[in-house]
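Just below is one structure, and these are the notes that go with it.
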Amino acid sequence: MAYDEVLAWRIRTLLVNEPTLTEKRMFGGLAFMVAGHMVVATNSRGELMVRTAPADRDHPYLVQAQPVVMRGRELAGWLNLPSSAIADGETLAAVVAHGLRFVRTLPAS
């Protein structure tokens with residue numbers, strides 16, 4: 001199992017009504033994309049990577065988030081939340097909605 005299947009199912013239930021929703025395996029996990037842009041992704045540790053505006057780190061549900069670092073470089077606009085931060089449904093829904101709101105500001109790809 002390359003990603004947390006339970007978390008993936010929880011995310012699917014939140015995005016079920018998105019007509020352009022696609023899923024793609026990447027980064028050793030599963031990415032959820034809307035209009036061609038990644039909203040969130042999960043991995044085998046149950047962590048959640050979320051797309052956000054760099055200035056939006058102040059939201060209470062992102063308080064435990066850390067910047068995503070790949071190959072030693074911090075990725076602006078991406079945050080990683082530990083599984084403990086998204087354990088309850090309300091917080092997970094808020095984080096997924098946050099990523100979705102940001103992605104909707106981008107042009108379709």
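Here is how the numbers come out for the structure above:
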read-out: Residue within region 68-75 that is surrounded by 12 or more Cβ atoms within 10 Å (Cβ to Cβ) and among the small types (Gly, Ala, Ser) present; value: no
read-out: Members of region 1-16 that are under 13 Å from the mean Cα position of the chain (by Cα) and either in a strand (DSSP E or B) or more than 25 Å from residue 63 (Cα to Cα) (or both); value: none
read-out: Cβ-Cβ under 8 Å pairs, at least 6 apart or on other chains, region 51-75 side modelled with pLDDT of 85 or more and polar (S, T, N, Q), far side outside any strand (DSSP E or B) and surrounded by 14 or more Cβ atoms within 10 Å (Cβ to Cβ); value: 52/62; 52/98; 52/99; 52/102; 64/82; 64/85
read-out: Residue 92 being over 11 Å from the mean Cα position of the chain (by Cα), closer than 22 Å to residue 35 by Cα, at pLDDT 90 or above and surrounded by 12 or more Cβ atoms within 10 Å (Cβ to Cβ); value: no
read-out: Hits in region 9-31 - residues which are touching a Ser or Thr at 6+ places or on another chain (Cβ under 8 Å) and hydrophobic (A, V, I, L, M, F, W, C); value: 11, 30
read-out: Scope region 55-82; condition assigned to a helix (DSSP H, G or I) and in contact with a strand residue (DSSP E or B) (Cβ under 8 Å, 6 or more places away or on another chain); matching residues; value: 62
read-out: Residue in region 17-38 that is touching a Phe, Trp or Tyr at 6+ places or on another chain (Cβ under 8 Å) and either outside any strand (DSSP E or B) or among the aromatic types (Phe, Trp, Tyr) (or both) present; value: yes
read-out: Selected residue (criterion: nearest to the chain's Cα centre (by Cα)) from residues of region 30-56 that are buried (at least 21 other Cβ atoms within 10 Å of the Cβ) and either aromatic (Phe, Trp, Tyr) or more than 15 Å from residue 95 (Cβ to Cβ) (or both); value: 32
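The values are calculated or read from the model by the stated rules, or taken from the named source; none is laboratory data. This is a predicted model, so every value here is computed, not measured. Reconstructed Cβ throughout: ideal geometry from the backbone, glycine too, with neighbour counts over all protein chains shown.
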